[in-house]
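Have a look at the structure below before the remarks.
The values are calculated or read from the model by the stated rules, or taken from the named source; none is laboratory data. The structure displayed is predicted, hence computed values, not measured ones. Note that each Cβ is placed from the backbone with ideal geometry, even for glycine, and that neighbours are counted across all protein chains shown. SASA here: full protein model, heavy atoms, side chains in, ligands and nucleic acids out. Shrake-Rupley method; radii C 1.70, N 1.55, O 1.52, S 1.80 Å.
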Amino acid sequence: MSAKFAPKEENCFNLFWKIKNFSYGSEVISSPEFTFEGDQHRLDIQPKYIECRLVVLRDDYRHRRKEYQLSFLPFDGSSPLISSGCCLQVSKEILFGTRRSAFLPDDTLTIRFQFPTVSEKGNLFSQSQIGVKRKCFLWSLKNFSKEQNYKKDMKISAENSNRYGIVDLYLKFRNGIHSNDQFYIEISRKNGEHCYCVFKFSVLDVDGKAVNCISDEFLFKKQDGEEKWKFPPIIKKSRLVACKDLLLPNDTLTLKCFIAISLGTTTEQTAVLSYFEDVTPLLKEFDDLSKCFDEKNSRNSVTDLQSDLKELLDNETFSDVSLQVSSEVIHVHKAILCARSSFFKSLLSDNTKEKIANVIIEDLNFDTLRRLLLFIYTDKINDYQENNIRNLYFASHKYQVLSLKQKCYFLKEKLSISNICEMLALSDSCEDTDLEKSVLNFISTHHSEIFDSKEWKNLEENNPSLAFQALRKICSNKRFD
């Protein structure tokens, strides 16, 4: 895995891609799409056998050369894992075993893609996150030493949702010889999607210190039936009796339980682009993006709330309004729409003459409406492809979701010769003078390349009025400069 060429970072297009909760990935993970030299690309990585590959979404002879470099970056100053070409494959034993601390700190993998280029030198920082639902709780078993308690299983519920199923924990006592001297925990899951689970258990002593820690991981299949998994014995009765003042205060056994469940799919993606040499401020902003997912940040309740609201949207529970696009219908909740959108608040207000139960959406396609609703319910954007963000920007303007419009405003920083005509049309349709100003300044600076492009010629042919207005405003601004 040694590189055949060693490009200087300042002479390259550089993509840095962080993947959080990487060990929970169970299917191909795709980076946000990115564009250089006019074509769209993305990186795909297969967690099962650790293969990362560049995917060219639009085939072009210019990119069939092999002057790419893919690498996994370590955080301990050691050597990276590098491959010259469009594919990097490493052993799971290296990434998850001998060099895990170097390449997966906080379970985050960082990938760098480099492409030597004369134009479009810059740094793109992307982040993806595998969705993981975590819970940590104490399981207290009172009157533990009483003999009759050993004849029945003790049960506690750990999870109950449509996606993850019904997960119950049982404290059981091993049958046969010395049956009362062995305790073990059994996991039971009913229904739910295909998911990966990690469980950790420990006994807490009188000072709250964890002893006898055990952990294991399971892959539950999607099914309607029940699956069970048994842990090894957690502690012996003889030890509990011998150390009852330490481990059984007030005759209560306390178990600390940690559970992490993941569908193995990407739930968050973010991208920050810079064409400037000094990227320190952007790097700080990029690193700060991950803090909201840090377990120590104590924001798990927010993540749970977002997951629950998304499930409310997905399952259409208690829905009272329908949004229709062509033949597609999404059942939603009036209270949530009104709380997040001034447009829907005005439309669905009780002051209207008649109760509205069905709203026809004529200016959005189904995918954009779905992304708009996902933001309304969860305050998150899950797809940062540029075309989708432009559609969301228009939707946020039309349906007056101001917080979404602000989050999409980074489009001003992604102006390019290939997308400037679309951005001009977007600023016009949204009557956004601030965005229009940025677009016109970009056209004025790069006018020779833009006016010679096929995108501008198509604009002049299909929307001559918009092209003429843009030229007139540019000339007017230059006259008064």
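When you look at Leu426, is it in contact with a Lys or Arg (Cβ under 7 Å, 6 or more places away or on another chain) and open to solvent by 10 Å² or more (accessible area, probe 1.4 Å), yes or no? Yes, satisfied. The condition of being of a type outside the set (Val, Ile, Thr) and under 30 Å from Val206 (Cα atoms) holds for only one of Lys92, Lys152, that being Lys152. In summary, strands (runs of 3 or more DSSP E) completely within region 58-164 and bearing 1 or more residues that are at pLDDT 85 or above and of a type in the set (D, E, K, R) occur at 108-116, 133-141, 154-161. Candidates are the residues of region 33-57 that are surrounded by 20 or more Cβ atoms within 10 Å (Cβ to Cβ) and modelled with pLDDT of 85 or more; the one that is farthest from Pro105 (Cα to Cα) is Leu43. Taken over region 222-237, residues that are open to solvent by 100 Å² or more (accessible area, probe 1.4 Å) and of a type in the set (Asp, Glu) amount to 1. Residues in region 310-353 that are crowded, with 18+ Cβ neighbours inside 10 Å and aromatic (Phe, Trp, Tyr): Phe344 only.
For (1) open to solvent by 30 Å² or more (accessible area, probe 1.4 Å); (2) within 26 Å of the chain's Cα centre (by Cα); (3) within 15 Å of Gly25 (Cβ to Cβ), each residue gets a yes or a no:
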position: Ser84; (1), (2), (3): yes, no, no
position: Leu88; (1), (2), (3): no, yes, no
position: Lys92; (1), (2), (3): yes, yes, yes
position: Thr98; (1), (2), (3): yes, no, no
position: Ala102; (1), (2), (3): no, yes, no
position: Pro105; (1), (2), (3): yes, yes, no
position: Thr108; (1), (2), (3): no, yes, yes
position: Ile111; (1), (2), (3): no, yes, yes
position: Asn123; (1), (2), (3): no, yes, no
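The residues on offer are Thr267, Thr317, and the sole one that is at pLDDT 65 or above and in contact with a Gly (Cβ under 7 Å, 6 or more places away or on another chain) is Thr267. Please determine whether any residue of region 430-450 is aromatic (Phe, Trp, Tyr), in a helix (DSSP H, G or I) and within 23 Å of Lys405 (Cβ to Cβ). Yes; the residues of region 430-450 include at least one that is aromatic (Phe, Trp, Tyr), in a helix (DSSP H, G or I) and within 23 Å of Lys405 (Cβ to Cβ). One residue stands out in region 408-429 among those that are in contact with a Ser or Thr (Cβ under 7 Å, 6 or more places away or on another chain) and part of a helix (DSSP H, G or I): the one that is modelled with the highest pLDDT, namely Cys408. In the set (1) of a type in the set (Gly, Ala, Ser); (2) modelled with pLDDT of 80 or more; (3) more than 22 Å from Gly208 (Cβ to Cβ), Ala260 fails one condition alone, (3).
Of the residues that make up region 408-418, is at least one within 23 Å of Glu362 (Cα to Cα) and within 23 Å of the chain's Cα centre (by Cα)? Yes, there is a match, as at least one residue in region 408-418 is within 23 Å of Glu362 (Cα to Cα) and within 23 Å of the chain's Cα centre (by Cα). Can you find, within region 365-391, the residue that is farthest from Leu57 (Cα to Cα) among those that are touching a Phe, Trp or Tyr at 6+ places or on another chain (Cβ under 9 Å) and modelled with pLDDT of 90 or more? The qualifying residue farthest from Leu57 (Cα to Cα) is Ile376.
Is it true that Lys244 is in contact with a strand residue (DSSP E or B) (Cβ under 9 Å, 6 or more places away or on another chain) and among the charged types (D, E, K, R)? The answer is no for Lys244.
Checking each residue in region 432-462 for being within 11 Å of Cys421 (Cα to Cα) and either of a type in the set (Ser, Thr, Tyr) or open to solvent by 60 Å² or more (accessible area, probe 1.4 Å) (or both) picks out Phe451, Ser453, Lys454, Lys457, Asn458, Glu460.
Taking the criterion of being among the polar types (S, T, N, Q) and more than 17 Å from Ile330 (Cβ to Cβ), the residues of region 369-387 that qualify are Gln385, Asn387.
Being farther than 24 Å from Thr267 by Cβ and among the small types (Gly, Ala, Ser): is that true of Ser346 here? Answer is yes for this residue. Just one residue in the set Leu263, Leu219, Leu246, Leu240 is among the aliphatic types (A, V, I, L, M), open to solvent by less than 40 Å² (accessible area, probe 1.4 Å) and touching a residue at least 40 places away in the same chain (Cβ under 8 Å); that residue is Leu240. In region 393-400 there is at least one residue matching the filter, namely being touching a residue at least 40 places away in the same chain (Cβ under 8 Å), open to solvent by less than 60 Å² (accessible area, probe 1.4 Å) and not in a helix (DSSP H, G or I).
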